[in-house]
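The block underneath contains the structure these notes are about, expressed in C-alpha coordinates.
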Amino acid sequence: MTISPDHVLFMISAANTIAGFTPASVILCPILSVAGQMYGGYIGMQAEEANSRWQHSVDNNLISINNNLAVLESTTALIGLGTGAGATISAVNLYQTIKLRQEVKELKLRIHAGFIDLKKALKDQGEEVMRQIDKVADDVEYIHHLTILARAYGKFIHAVNWLRDTVKLTDVNAITAAFVGIQGKLVDALADYTNPEIYKHNSVPGRLRRMECAWAIEQTITMVFQLQGAPDVVSQRLSSLHSKIRKELVHLINLCESQEELDFIFPEIARIHNHDLAALKLWQEQVDLMRSLSPEDLKELENACSEKLLTGNKQKQEVTALAEPPEQLLYNELREKSHFLSLRDQLRFVIQPESRKEHESYISQQANNSNYPGLAPSNWQEITDLTVANLYWYFKKPKPSFT
(Lines give C-alpha, C1' and ligand atoms only; values in the text may rest on other atoms or scores of the structure.)
Protein backbone atom coordinates (compact mmCIF):
# COMPACT_ATOMS: atom_id res chain seq x y z
CA MET A 1 0.00 0.00 0.00
CA THR A 2 1.32 3.46 -0.92
CA ILE A 3 0.94 6.37 1.48
CA SER A 4 -1.32 8.96 -0.08
CA PRO A 5 -1.47 12.71 0.62
CA ASP A 6 -4.88 12.08 2.18
CA HIS A 7 -3.30 9.82 4.81
CA VAL A 8 -0.82 12.54 5.75
CA LEU A 9 -3.53 15.21 5.80
CA PHE A 10 -5.75 13.06 8.03
CA MET A 11 -2.97 12.39 10.53
CA ILE A 12 -1.93 16.05 10.66
CA SER A 13 -5.53 17.23 10.98
CA ALA A 14 -6.26 14.69 13.72
CA ALA A 15 -3.08 15.58 15.57
CA ASN A 16 -3.76 19.30 15.36
CA THR A 17 -7.22 18.66 16.82
CA ILE A 18 -5.83 16.48 19.60
CA ALA A 19 -3.18 19.12 20.26
CA GLY A 20 -5.96 21.35 21.55
CA PHE A 21 -6.90 18.65 24.07
CA THR A 22 -4.01 19.39 26.41
CA PRO A 23 -3.67 17.40 29.65
CA ALA A 24 -4.89 20.49 31.51
CA SER A 25 -7.97 20.95 29.35
CA VAL A 26 -9.37 17.43 29.11
CA ILE A 27 -11.11 15.60 31.93
CA LEU A 28 -10.04 12.07 31.12
CA CYS A 29 -8.12 11.28 28.00
CA PRO A 30 -4.40 10.45 27.88
CA ILE A 31 -3.06 12.34 24.86
CA LEU A 32 -0.70 9.97 23.06
CA SER A 33 1.66 11.37 20.45
CA VAL A 34 0.65 10.41 16.95
CA ALA A 35 4.27 9.58 16.12
CA GLY A 36 4.31 7.06 18.92
CA GLN A 37 0.98 5.60 17.86
CA MET A 38 2.18 5.06 14.32
CA TYR A 39 4.62 2.41 15.36
CA GLY A 40 1.78 0.35 16.80
CA GLY A 41 3.82 -0.79 19.78
CA TYR A 42 7.11 -0.51 21.62
CA ILE A 43 8.37 -3.94 20.61
CA GLY A 44 10.27 -3.82 17.35
CA MET A 45 11.21 -0.14 17.41
CA GLN A 46 14.77 0.30 16.20
CA ALA A 47 15.48 3.98 15.51
CA GLU A 48 17.20 5.46 18.57
CA GLU A 49 15.86 8.98 18.02
CA ALA A 50 12.28 7.79 17.55
CA ASN A 51 12.66 5.46 20.51
CA SER A 52 13.79 8.28 22.80
CA ARG A 53 11.06 10.64 21.64
CA TRP A 54 8.42 7.97 22.07
CA GLN A 55 9.60 7.07 25.59
CA HIS A 56 9.39 10.75 26.51
CA SER A 57 5.84 10.99 25.12
CA VAL A 58 4.68 7.89 27.04
CA ASP A 59 6.30 9.17 30.23
CA ASN A 60 4.62 12.58 29.93
CA ASN A 61 1.24 11.00 29.31
CA LEU A 62 1.53 8.73 32.32
CA ILE A 63 2.51 11.66 34.55
CA SER A 64 -0.52 13.62 33.26
CA ILE A 65 -2.88 10.71 33.92
CA ASN A 66 -1.49 10.36 37.43
CA ASN A 67 -1.90 14.08 38.17
CA ASN A 68 -5.40 14.24 36.69
CA LEU A 69 -6.56 11.23 38.70
CA ALA A 70 -5.26 12.75 41.94
CA VAL A 71 -7.10 16.02 41.31
CA LEU A 72 -10.34 14.25 40.38
CA GLU A 73 -10.48 12.08 43.49
CA SER A 74 -9.25 14.84 45.81
CA THR A 75 -12.02 17.25 44.85
CA THR A 76 -14.67 14.79 46.02
CA ALA A 77 -14.18 16.20 49.50
CA LEU A 78 -16.16 19.28 48.46
CA ILE A 79 -18.69 17.46 46.32
CA GLY A 80 -20.07 15.66 49.34
CA LEU A 81 -21.06 12.22 50.53
CA GLY A 82 -22.97 11.74 53.75
CA THR A 83 -22.31 15.32 54.84
CA GLY A 84 -23.62 17.12 51.75
CA ALA A 85 -21.57 19.86 50.16
CA GLY A 86 -24.12 22.52 49.34
CA ALA A 87 -22.99 25.49 47.28
CA THR A 88 -19.31 24.80 48.00
CA ILE A 89 -19.10 22.41 45.04
CA SER A 90 -18.61 25.48 42.83
CA ALA A 91 -15.11 25.67 44.33
CA VAL A 92 -14.21 22.50 42.36
CA ASN A 93 -16.25 23.07 39.20
CA LEU A 94 -14.84 22.49 35.74
CA TYR A 95 -12.79 25.69 35.54
CA GLN A 96 -11.42 25.35 39.08
CA THR A 97 -10.49 21.73 38.43
CA ILE A 98 -8.56 22.67 35.30
CA LYS A 99 -6.72 25.35 37.31
CA LEU A 100 -5.88 22.84 40.05
CA ARG A 101 -4.57 20.42 37.45
CA GLN A 102 -2.33 23.12 36.03
CA GLU A 103 -0.97 23.95 39.48
CA VAL A 104 -0.12 20.29 40.05
CA LYS A 105 1.63 20.21 36.69
CA GLU A 106 3.64 23.30 37.63
CA LEU A 107 4.51 21.69 41.00
CA LYS A 108 2.68 24.40 42.95
CA LEU A 109 0.65 21.60 44.54
CA ARG A 110 2.03 18.24 45.64
CA ILE A 111 0.35 14.85 45.48
CA HIS A 112 0.55 12.72 48.63
CA ALA A 113 -0.84 9.16 48.58
CA GLY A 114 -3.02 10.09 45.61
CA PHE A 115 -4.49 13.29 47.04
CA ILE A 116 -3.70 16.99 47.05
CA ASP A 117 -4.01 19.30 50.07
CA LEU A 118 -7.38 20.94 49.39
CA LYS A 119 -6.94 23.52 52.14
CA LYS A 120 -3.78 24.76 50.49
CA ALA A 121 -5.20 24.45 46.98
CA LEU A 122 -8.43 26.32 47.81
CA LYS A 123 -7.19 28.74 50.45
CA ASP A 124 -8.63 31.70 48.53
CA GLN A 125 -12.14 30.23 48.20
CA GLY A 126 -13.50 31.44 51.54
CA GLU A 127 -14.31 30.19 55.02
CA GLU A 128 -17.34 28.13 53.99
CA VAL A 129 -15.15 26.00 51.76
CA MET A 130 -12.61 25.51 54.56
CA ARG A 131 -15.39 24.45 56.94
CA GLN A 132 -16.68 21.93 54.40
CA ILE A 133 -13.21 20.41 54.01
CA ASP A 134 -12.99 19.99 57.81
CA LYS A 135 -16.51 18.58 57.98
CA VAL A 136 -15.87 15.95 55.33
CA ALA A 137 -12.53 15.00 56.91
CA ASP A 138 -14.45 13.86 60.02
CA ASP A 139 -17.22 12.07 58.12
CA VAL A 140 -17.10 8.31 58.71
CA GLU A 141 -18.53 7.47 55.31
CA TYR A 142 -16.03 9.66 53.50
CA ILE A 143 -13.16 8.10 55.46
CA HIS A 144 -14.42 4.69 54.28
CA HIS A 145 -14.40 5.91 50.66
CA LEU A 146 -10.98 7.45 51.18
CA THR A 147 -9.60 4.09 52.30
CA ILE A 148 -10.85 2.37 49.16
CA LEU A 149 -9.50 5.11 46.90
CA ALA A 150 -6.12 5.24 48.64
CA ARG A 151 -5.75 1.49 48.10
CA ALA A 152 -6.80 1.80 44.45
CA TYR A 153 -4.44 4.70 43.83
CA GLY A 154 -1.58 2.74 45.35
CA LYS A 155 -2.13 -0.04 42.83
CA PHE A 156 -2.46 2.44 40.01
CA ILE A 157 0.73 4.36 40.78
CA HIS A 158 2.60 1.06 41.16
CA ALA A 159 1.45 0.09 37.64
CA VAL A 160 2.28 3.52 36.22
CA ASN A 161 5.82 3.55 37.64
CA TRP A 162 6.33 0.01 36.40
CA LEU A 163 5.16 1.03 32.94
CA ARG A 164 7.43 4.08 32.87
CA ASP A 165 10.38 1.79 33.55
CA THR A 166 9.23 -0.86 31.07
CA VAL A 167 9.30 1.43 28.04
CA LYS A 168 13.01 1.96 28.68
CA LEU A 169 13.79 -1.76 28.43
CA THR A 170 15.25 -3.36 25.30
CA ASP A 171 14.75 -7.07 25.97
CA VAL A 172 11.54 -8.24 24.29
CA ASN A 173 10.88 -11.06 26.78
CA ALA A 174 11.30 -8.72 29.76
CA ILE A 175 8.97 -6.18 28.16
CA THR A 176 6.31 -8.81 27.46
CA ALA A 177 6.42 -10.18 31.01
CA ALA A 178 6.25 -6.68 32.50
CA PHE A 179 3.17 -5.77 30.44
CA VAL A 180 1.30 -8.78 31.87
CA GLY A 181 2.03 -7.69 35.43
CA ILE A 182 1.18 -4.04 34.71
CA GLN A 183 -2.19 -4.92 33.22
CA GLY A 184 -3.00 -7.06 36.23
CA LYS A 185 -2.26 -4.16 38.59
CA LEU A 186 -4.38 -1.77 36.53
CA VAL A 187 -7.30 -4.20 36.43
CA ASP A 188 -7.11 -4.53 40.23
CA ALA A 189 -7.08 -0.74 40.59
CA LEU A 190 -10.07 -0.44 38.26
CA ALA A 191 -12.00 -2.96 40.36
CA ASP A 192 -11.49 -0.73 43.40
CA TYR A 193 -12.52 2.42 41.52
CA THR A 194 -15.73 0.71 40.32
CA ASN A 195 -16.46 -0.80 43.75
CA PRO A 196 -20.20 -0.30 44.48
CA GLU A 197 -19.24 1.10 47.88
CA ILE A 198 -17.69 4.07 46.08
CA TYR A 199 -21.08 5.08 44.65
CA LYS A 200 -23.13 4.37 47.76
CA HIS A 201 -24.99 7.52 48.91
CA ASN A 202 -23.04 9.61 46.39
CA SER A 203 -24.51 12.72 44.82
CA VAL A 204 -24.68 12.97 41.03
CA PRO A 205 -21.55 15.19 40.89
CA GLY A 206 -19.78 12.73 43.18
CA ARG A 207 -20.74 9.81 40.94
CA LEU A 208 -19.46 11.71 37.93
CA ARG A 209 -16.05 12.27 39.52
CA ARG A 210 -15.82 8.60 40.52
CA MET A 211 -16.72 7.50 36.99
CA GLU A 212 -14.14 9.88 35.55
CA CYS A 213 -11.48 8.16 37.65
CA ALA A 214 -12.57 4.72 36.40
CA TRP A 215 -12.64 5.85 32.76
CA ALA A 216 -9.12 7.24 33.09
CA ILE A 217 -7.92 3.85 34.38
CA GLU A 218 -9.65 2.08 31.48
CA GLN A 219 -7.88 4.35 29.02
CA THR A 220 -4.56 3.58 30.69
CA ILE A 221 -5.20 -0.14 30.21
CA THR A 222 -5.94 0.55 26.55
CA MET A 223 -2.71 2.51 26.33
CA VAL A 224 -0.82 -0.58 27.54
CA PHE A 225 -2.40 -2.67 24.79
CA GLN A 226 -1.22 -0.06 22.31
CA LEU A 227 2.30 -0.23 23.68
CA GLN A 228 2.13 -3.99 23.15
CA GLY A 229 1.33 -3.49 19.47
CA ALA A 230 -2.25 -4.85 19.60
CA PRO A 231 -4.19 -2.42 17.35
CA ASP A 232 -7.23 -4.71 16.98
CA VAL A 233 -7.67 -4.85 20.75
CA VAL A 234 -7.09 -1.10 21.07
CA SER A 235 -9.71 -0.27 18.45
CA GLN A 236 -12.29 -2.54 20.08
CA ARG A 237 -11.60 -1.17 23.56
CA LEU A 238 -11.81 2.44 22.41
CA SER A 239 -15.13 1.80 20.67
CA SER A 240 -16.54 0.05 23.76
CA LEU A 241 -15.29 2.73 26.13
CA HIS A 242 -16.76 5.48 23.95
CA SER A 243 -20.18 3.78 24.10
CA LYS A 244 -19.87 3.07 27.81
CA ILE A 245 -19.07 6.67 28.69
CA ARG A 246 -22.06 7.94 26.71
CA LYS A 247 -24.39 5.41 28.35
CA GLU A 248 -23.20 6.19 31.87
CA LEU A 249 -23.39 9.95 31.28
CA VAL A 250 -27.01 9.65 30.14
CA HIS A 251 -27.75 7.65 33.30
CA LEU A 252 -26.22 10.41 35.43
CA ILE A 253 -28.21 13.10 33.61
CA ASN A 254 -31.40 11.16 34.30
CA LEU A 255 -30.47 10.94 38.00
CA CYS A 256 -29.93 14.71 38.26
CA GLU A 257 -32.74 16.24 40.34
CA SER A 258 -31.56 19.71 41.33
CA GLN A 259 -30.33 22.91 39.74
CA GLU A 260 -27.24 22.81 41.94
CA GLU A 261 -26.24 19.38 40.60
CA LEU A 262 -26.93 20.45 37.04
CA ASP A 263 -24.81 23.59 37.45
CA PHE A 264 -21.89 21.31 38.27
CA ILE A 265 -22.33 18.47 35.77
CA PHE A 266 -23.54 20.38 32.67
CA PRO A 267 -20.22 22.12 31.81
CA GLU A 268 -18.19 19.08 32.82
CA ILE A 269 -20.22 16.60 30.76
CA ALA A 270 -20.20 19.01 27.81
CA ARG A 271 -16.40 19.16 28.18
CA ILE A 272 -16.17 15.37 28.15
CA HIS A 273 -18.28 15.32 24.99
CA ASN A 274 -16.35 18.06 23.19
CA HIS A 275 -12.84 17.00 24.20
CA ASP A 276 -12.52 13.53 25.67
CA LEU A 277 -15.02 11.65 23.53
CA ALA A 278 -13.73 13.50 20.48
CA ALA A 279 -10.14 12.55 21.38
CA LEU A 280 -11.14 8.91 21.89
CA LYS A 281 -12.79 8.87 18.46
CA LEU A 282 -9.72 10.36 16.78
CA TRP A 283 -7.50 7.94 18.65
CA GLN A 284 -9.57 5.03 17.31
CA GLU A 285 -9.58 6.43 13.75
CA GLN A 286 -5.80 6.75 13.86
CA VAL A 287 -5.41 3.19 15.13
CA ASP A 288 -7.77 1.89 12.44
CA LEU A 289 -5.76 3.63 9.73
CA MET A 290 -2.44 2.43 11.09
CA ARG A 291 -3.52 -1.19 11.41
CA SER A 292 -4.32 -1.15 7.69
CA LEU A 293 -0.74 -0.12 6.84
CA SER A 294 2.45 -2.15 6.54
CA PRO A 295 5.46 -1.40 8.79
CA GLU A 296 7.11 0.31 5.83
CA ASP A 297 4.06 2.47 5.23
CA LEU A 298 3.89 3.38 8.91
CA LYS A 299 7.49 4.52 8.87
CA GLU A 300 6.89 6.58 5.74
CA LEU A 301 3.81 8.19 7.28
CA GLU A 302 5.68 9.00 10.49
CA ASN A 303 8.49 10.64 8.56
CA ALA A 304 5.98 12.68 6.53
CA CYS A 305 4.30 14.45 9.43
CA SER A 306 6.10 13.86 12.77
CA GLU A 307 8.00 17.15 12.94
CA LYS A 308 4.95 19.30 12.16
CA LEU A 309 2.84 17.46 14.72
CA LEU A 310 5.31 17.93 17.57
CA THR A 311 5.64 21.67 16.83
CA GLY A 312 1.86 22.11 16.68
CA ASN A 313 1.34 20.38 20.03
CA LYS A 314 3.75 22.69 21.83
CA GLN A 315 2.21 25.85 20.41
CA LYS A 316 -1.34 24.79 21.23
CA GLN A 317 -0.60 23.93 24.85
CA GLU A 318 0.95 27.33 25.47
CA VAL A 319 -2.16 29.10 24.15
CA THR A 320 -5.00 27.06 25.67
CA ALA A 321 -3.75 25.78 29.04
CA LEU A 322 -5.56 28.29 31.30
CA ALA A 323 -8.36 29.54 29.05
CA GLU A 324 -11.77 29.64 30.72
CA PRO A 325 -13.77 26.68 29.41
CA PRO A 326 -16.20 27.66 26.62
CA GLU A 327 -18.56 24.99 27.98
CA GLN A 328 -18.93 26.99 31.19
CA LEU A 329 -19.54 30.23 29.29
CA LEU A 330 -22.15 28.55 27.08
CA TYR A 331 -23.94 27.07 30.08
CA ASN A 332 -24.09 30.48 31.75
CA GLU A 333 -25.84 31.83 28.64
CA LEU A 334 -28.25 28.90 28.42
CA ARG A 335 -29.14 29.19 32.11
CA GLU A 336 -30.46 32.71 31.52
CA LYS A 337 -32.81 31.43 28.80
CA SER A 338 -34.02 28.11 30.24
CA HIS A 339 -35.17 26.38 33.40
CA PHE A 340 -33.89 23.23 35.07
CA LEU A 341 -35.95 20.66 33.14
CA SER A 342 -35.15 22.25 29.78
CA LEU A 343 -31.44 22.50 30.60
CA ARG A 344 -31.32 18.88 31.66
CA ASP A 345 -32.91 17.85 28.35
CA GLN A 346 -30.43 19.99 26.42
CA LEU A 347 -27.56 18.23 28.14
CA ARG A 348 -29.11 14.86 27.31
CA PHE A 349 -29.38 15.92 23.65
CA VAL A 350 -25.62 16.58 23.61
CA ILE A 351 -24.76 13.06 24.75
CA GLN A 352 -27.74 11.23 23.21
CA PRO A 353 -28.82 13.21 20.11
CA GLU A 354 -31.45 10.64 19.14
CA SER A 355 -33.42 11.48 22.31
CA ARG A 356 -34.41 14.77 20.63
CA LYS A 357 -36.73 12.94 18.23
CA GLU A 358 -39.30 12.25 20.94
CA HIS A 359 -39.38 15.94 21.86
CA GLU A 360 -39.74 17.00 18.23
CA SER A 361 -42.65 14.61 17.73
CA TYR A 362 -44.39 15.82 20.90
CA ILE A 363 -43.98 19.47 19.91
CA SER A 364 -45.44 18.83 16.45
CA GLN A 365 -48.40 16.99 17.89
CA GLN A 366 -49.15 19.59 20.54
CA ALA A 367 -48.62 22.53 18.17
CA ASN A 368 -51.18 21.15 15.74
CA ASN A 369 -53.64 20.26 18.51
CA SER A 370 -53.29 23.77 19.95
CA ASN A 371 -53.74 25.50 16.58
CA TYR A 372 -50.15 26.73 16.64
CA PRO A 373 -48.81 24.94 13.54
CA GLY A 374 -46.10 27.59 13.17
CA LEU A 375 -44.42 26.17 16.26
CA ALA A 376 -43.85 22.86 14.44
CA PRO A 377 -41.06 23.57 11.95
CA SER A 378 -40.73 21.56 8.75
CA ASN A 379 -36.94 21.30 9.13
CA TRP A 380 -35.91 20.37 12.66
CA GLN A 381 -32.20 20.39 11.80
CA GLU A 382 -32.25 24.17 11.78
CA ILE A 383 -33.73 24.35 15.28
CA THR A 384 -31.38 24.58 18.27
CA ASP A 385 -31.48 22.23 21.25
CA LEU A 386 -32.39 25.25 23.38
CA THR A 387 -35.52 25.94 21.32
CA VAL A 388 -36.58 22.29 21.17
CA ALA A 389 -36.27 21.79 24.92
CA ASN A 390 -38.00 25.07 25.76
CA LEU A 391 -40.89 24.40 23.35
CA TYR A 392 -41.31 20.90 24.72
CA TRP A 393 -41.72 22.18 28.26
CA TYR A 394 -43.90 25.05 27.06
CA PHE A 395 -46.47 22.48 25.99
CA LYS A 396 -46.05 20.33 29.10
CA LYS A 397 -48.50 20.75 32.00
CA PRO A 398 -47.89 22.31 34.42
CA LYS A 399 -45.52 24.73 32.71
CA PRO A 400 -42.33 25.35 34.70
CA SER A 401 -41.27 28.86 35.60
CA PHE A 402 -38.46 30.51 33.63
CA THR A 403 -37.23 32.45 36.64
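The values are calculated or read from the model by the stated rules, or taken from the named source; none is laboratory data. This one's a predicted model, so the numbers in the text were calculated from it and none came from an experiment. Cβ placement follows ideal geometry from the backbone for every residue including glycine, while neighbour counts extend to all protein chains displayed.
Restricted to the range 105-118, and to residues that are part of a loop (DSSP other than H, G, I, E, B), surrounded by 14 or more Cβ atoms within 10 Å (Cβ to Cβ) and in contact with a helix residue (DSSP H, G or I) (Cβ under 7 Å, 6 or more places away or on another chain), which residue is modelled with the highest pLDDT? Let's see the steps before the verdict.
Kept after step one, since they are part of a loop (DSSP other than H, G, I, E, B), are these residues of the range 105-118: 106-110, 113-114, 117.
From the residues that got through so far, the ones that are surrounded by 14 or more Cβ atoms within 10 Å (Cβ to Cβ) too are 109, 114, 117.
From what's left, in contact with a helix residue (DSSP H, G or I) (Cβ under 7 Å, 6 or more places away or on another chain): 109, 114.
Values: Leu109: 89, Gly114: 83.
Looking at the filtered set, the residue picked out is Leu109.
Is there a residue being closer than 22 Å to Lys200 by Cβ and either part of a loop (DSSP other than H, G, I, E, B) or in the same structural domain as Ser64 (by TED's automatic domain parsing) (or both) anywhere in the range 163-178? No.
Would you point out the residue of the range 176-210, among those that are among the hydrophobic types (A, V, I, L, M, F, W, C) and surrounded by fewer than 17 Cβ atoms within 10 Å (Cβ to Cβ), that is nearest to Pro267 (Cα to Cα)? Restricting to residues being among the hydrophobic types (A, V, I, L, M, F, W, C) and surrounded by fewer than 17 Cβ atoms within 10 Å (Cβ to Cβ), the top hit is Ala191. When Ala189, Ala178, Ala121 are checked against the criterion of being farther than 18 Å from Ala70 by Cβ and modelled with pLDDT of 90 or more, a single residue qualifies: Ala178. Restricted to the range 317-399, the set of helices (runs of 4 or more DSSP H) holding at least 2 residues that are touching a Lys or Arg at 6+ places or on another chain (Cβ under 8 Å) comprises 340-351, 385-395.
Of the set (1) of a type in the set (S, T, N, Q); (2) crowded, with 18+ Cβ neighbours inside 10 Å; (3) at pLDDT 90 or above, all apply to Asn173 but (2). Would you check if there is a residue in the range 173-191 being in contact (Cβ under 8 Å) with a residue 60 or more places away in the chain and not acidic (Asp, Glu)? Within the range 173-191, one or more residues are in contact (Cβ under 8 Å) with a residue 60 or more places away in the chain and not acidic (Asp, Glu).
Rundown of residues vs (1) at pLDDT 95 or above; (2) not hydroxyl-bearing (Ser, Thr, Tyr), yes/no style:
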position	(1), (2)
Ser239	yes, no
Val250	yes, yes
Ala270	yes, yes
Lys281	no, yes
Leu289	no, yes
Leu293	no, yes
Asp297	no, yes
Gln317	no, yes
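Taken together, His242, His251, His273 contain a single residue that is in the same structural domain as Val180 (by TED's automatic domain parsing), within 23 Å of Phe156 (Cβ to Cβ) and not hydroxyl-bearing (Ser, Thr, Tyr), which is His242.
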